[in-house]
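Taken together, the values in this text are just the output of simple stated rules run on the coordinates, not laboratory data. Predicted, not measured: the structure shown is a model, and the values here were computed from it. Cβ: placed from backbone, ideal geometry, glycine included. Neighbour counts: every protein chain shown.
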Amino acid sequence: MTPIKLIDSRPLSARNSARRIKRGDTLYLLKSGCQWRMLPREFGKWNTVYRYFKRWRTAGVWAQMMEALRQGERRRQGRQEEPSAGSVDSQSIKTATQPTEVGFDGGKQVKGRKRHILVDTLGLVIAVVVTAANTDDRVGFMLLLTRYFMGGVQRLRKLWVDGGYQAEWLAQWVKDLKHTHKITVEVTGHEGKGFQVVPWRWAVERTFAWLLNDRRHSRDYERLTTNSEALIQLSMIRLLLKRLA
């Protein structure tokens, strides 16, 4: 696991602002659901906090931190750092304002955005993509795997999805994605009426429930989808820090 280096050569006041972020101001925003401008004064100027949040998002720090903590949690549970299997699902969510990349999900009757996540069998987020709500689940699936394998990960072999991802062309696309090994996609679902725990895929449903424990995720308040993705990564960072403390 590569250590994350957060070296800051800026003046002392700027470095103090960065320390405030580590101390929990962005996590406060997540849990309380408040606006950036309404952050308590104890955390410093809101625009300084947001500037560091944006800078670390652009540099990929939040994604790296989530990955490092996820690997640490998997090692703690006696597993290999990278999973061999996982689940994919999406969640349509309303937007609080009228930002960019907004659409209407006809199936869920929701105008807003759609969160696509890939999780391991423990429910820990591996990759996240946020799109307009009218984006097809299968397109979101392709965006997720493309982003995940940009890191050169080789171990993933099996994915569980629901019926919304069923398509021969998508299964073939996944098989052709990696030349070193094949990845299989298994469609799982429940039979009959009423609530049922779907084998393996229940983990991703639980992850969405974890995210909604942070009030900031009750709707999508962000103007940019990249900010939405970073805040989901921060929610997982908060959860993993509590487990590894």
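Summary of values
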item: Under the Karplus curve 6.51 cos²θ - 1.76 cosθ + 1.60, θ = phi - 60°, whole-Hz ³J(HN,Hα) for the stretch 209-220, x wherever Gly or Pro sits; result: 5, 4, 4, 6, 5, 9, 4, 4, 8, 4, 9, 9
item: Size of charge dipole - the chain - debye, nearest 20, with Cβ of Lys, Arg +1 and Asp, Glu -1, no other charges; result: 1240
item: Of LEU69, SER87, PHE43, farthest towards positive along the dipole that unit charges on Lys, Arg, Asp, Glu beta carbons give the chain; result: PHE43
item: Using θ = phi - 60° and Karplus 6.51 cos²θ - 1.76 cosθ + 1.60, couplings along the stretch 159-167 (whole Hz; Gly, Pro as x); result: 10, 9, 9, 9, x, x, 9, 6, 6
item: Most positive-pole-ward Cα, LEU244, THR135, GLY164, against dipole of the chain from beta carbon charges; result: LEU244
item: Within a Gaussian network of the chain (alpha carbon springs, distance under 10 Å), most fluctuating of GLN109, GLN71, GLN166; result: GLN109
item: Phi-based couplings in Hz for the stretch 224-241 (Karplus 6.51, -1.76, 1.60; Gly and Pro marked x); result: 10, 5, 5, 5, 4, 5, 5, 6, 5, 4, 5, 4, 5, 4, 4, 5, 5, 4
item: Placed amide H near ALA127: partners under 5 Å, 5+ positions off or other chain; result: LEU118
item: Under-5 Å amide H pairs with VAL110, H placed in peptide plane, nonlocal only; result: ASP105
item: MRE, 222 nm, helices only [DSSP H, n ≥ 4, -39500 (n - 2.57), over the chain, to nearest 500]; result: -13000 deg cm²/dmol
